[in-house]
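Some notes on the structure that comes next.
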Amino acid sequence: MRYHLCLLQTLSALSIVYASSAFAEAPALSRDEKSAVIASLDSALNANYPFPDIAKKIAPVLQERLKKGDYDAATTKAEFASKLTGDLLKVSGDLHFFVGADAQWIAEFKAKADPALKAGIRKEESRRLEESNFGFDEVARLKGNIGYIRFSYFADPELAYDTAASVMRFVGNTDAVIIDLRYNNGGHLEMAQFLASYFFSSEKDQLLFDYYYNEDGKRIQRGQWVLPGLPGKRMVDKPVYILTGSTSFSSAEWFSYAMKKLGRATLIGERTAGGAHPVARKPLNDEFFVQVPIGQIQDPVDHGDFEGTGVPPDIASPSIRALPLAHKLALENLAKTDEARRTELAWLLPSLTAAIERPHVDAAVLTKAAGKYEGRQLILDNGTLYYLWRERLRVALEPIGPNLFAVEGVSDFRYRLNVSRGNVTELERVNKDGSIQRYKRLD
């Protein structure tokens, strides 16, 4: 069973529905046709939605709105699907719902019953996912030997196995890992299981997610555990930092939630969206389908979830600044345990602090800094200070602290302005090894 847990799927469906209505030329839907769709929707909800009390309330509300003429203006399938989606969200309070009009998807869904056709559909799905690298947008080794992984959705591991494994191999030799889920909208929980397994030992059975779901009227219970075999090395003792945001959704939330509950990650950023329920698409007829929550998932520690409330971070931060904050925290924690690298790691901190706090630079100081120094020159161009050497080499100076500047493209020295009585009297080159070279002001 595969679950597509995706907030953007809901949001994009709404936008597509509205956009496509402008181009639709199909005959207007009759009230009887709309009533039949609602009846099919009622059946799908009662067979699959894990909260029967809520499921029973939805269709009567929709039928009443139909009788009152609230859907009369929705003359196309796309418009009607959009109206139903809005009302489903409103009545249930569950962000996972949406109704779509997609005859092609329904035909493909039914075709999967034929093994020959299913193989072709699966191949095309894989091709489409390959074009987005199965959601993996960036993997990097940040300064200080910190691994960084950013991905936008949790792909089906049967298709993305090699790519996901290569990503985890890449960060295998780093000293800490930052996993960026700020803009990840969910996907397959099995991918969350695969990735999380790298951070736990295979010598002990460890439950990651425990959940039940409804499948066409059948109640099924299932747990997902740390996988016993993985390609590449495990990172059992490696510090993990997970970046979260308000658009982190479903599987992204479950990954974060379980890693936090099991003591394997520190969450940094903003509270997540709060979509905890697994979902599946169900055809309503040959034209319409519904994405419906089909179960509940529970964490392995206290059997809770976060539906409607989201997952709170351990360290709150605007999501836009969560990465430099996590990077800085990772370096600070490494410096506490690695005395040999303490000086090296401390050198990296001012730039990260600047990215977090965005230090104010007095415009008057920048103006006064422009001028000639021994063998070099500072110029001010459109509010940015530049270092000029021999009239040829020109690099920008980026403020990272009081009168302290990082040099564009350079990592082993910085420049500092010495200010006396409001005037810049000297330029200092501060080297990574702690040594300082001074250049007197000449003009």
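The values are calculated or read from the model by the stated rules, or taken from the named source; none is laboratory data. This one's a predicted model, so the numbers in the text were calculated from it and none came from an experiment. Here the Cβ is made from the backbone with ideal geometry for all residues, glycine too, and neighbour counts use every protein chain on show.
Using the structure shown, decide if LEU243 is part of a loop (DSSP other than H, G, I, E, B) and either in contact with a helix residue (DSSP H, G or I) (Cβ under 6 Å, 6 or more places away or on another chain) or in the same structural domain as ASN145 (by TED's automatic domain parsing) (or both). Criteria not met by LEU243.
Please enumerate the residues belonging to the range 375-384 that are within 35 Å of the chain's Cα centre (by Cα) and either at pLDDT 90 or above or hydroxyl-bearing (Ser, Thr, Tyr) (or both). Hit for the range 375-384 is THR384, nothing else. Taking the criterion of being part of a helix (DSSP H, G or I) and either over 24 Å from THR337 (Cβ atoms) or at pLDDT below 95 (or both), the residues of the range 163-188 that qualify are THR163, ALA164, ALA165, SER166, VAL167, ARG169.
This table checks each residue for (1) surrounded by 14 or more Cβ atoms within 10 Å (Cβ to Cβ); (2) polar (S, T, N, Q).
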{"site": "GLU124", "(1), (2)": "no, no"}
{"site": "ASN133", "(1), (2)": "yes, yes"}
{"site": "PHE136", "(1), (2)": "yes, no"}
{"site": "VAL167", "(1), (2)": "yes, no"}
{"site": "LEU181", "(1), (2)": "yes, no"}
{"site": "LEU189", "(1), (2)": "yes, no"}
{"site": "ASN214", "(1), (2)": "yes, yes"}
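Where strands (runs of 3 or more DSSP E) sit wholly within the range 397-443, those with at least 2 residues that are in contact with a helix residue (DSSP H, G or I) (Cβ under 7 Å, 6 or more places away or on another chain) and on the phi < 0 side of the Ramachandran plot occupy 404-407, 413-420, 423-431.
Got at least one residue in the range 362-382 being free of Cβ contacts under 8 Å to residues at least 24 places away in the same chain and at positive phi? Yes, there is a match, as at least one residue in the range 362-382 is free of Cβ contacts under 8 Å to residues at least 24 places away in the same chain and at positive phi.
Exactly one residue among MET191, MET235 is in contact with an Asp or Glu (Cβ under 8 Å, 6 or more places away or on another chain) and either farther than 17 Å from PRO300 by Cβ or assigned to a strand (DSSP E or B) (or both), and that residue is MET191.
Considered as a group, the residues in the range 246-273 that are of a type in the set (Gly, Ala, Ser) and assigned to a loop (DSSP other than H, G, I, E, B) include one that is nearest to LEU142 (Cα to Cα), and that residue is ALA265.
To keep it simple, each residue is scored yes or no on (1) small (Gly, Ala, Ser); (2) modelled with pLDDT of 85 or more; (3) not in a strand (DSSP E or B).
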{"site": "GLY100", "(1), (2), (3)": "yes, yes, no"}
{"site": "ILE106", "(1), (2), (3)": "no, yes, yes"}
{"site": "ALA113", "(1), (2), (3)": "yes, no, yes"}
{"site": "GLU124", "(1), (2), (3)": "no, no, yes"}
{"site": "ARG127", "(1), (2), (3)": "no, yes, yes"}
{"site": "GLU130", "(1), (2), (3)": "no, yes, yes"}
{"site": "GLU138", "(1), (2), (3)": "no, yes, no"}
{"site": "ARG141", "(1), (2), (3)": "no, yes, no"}
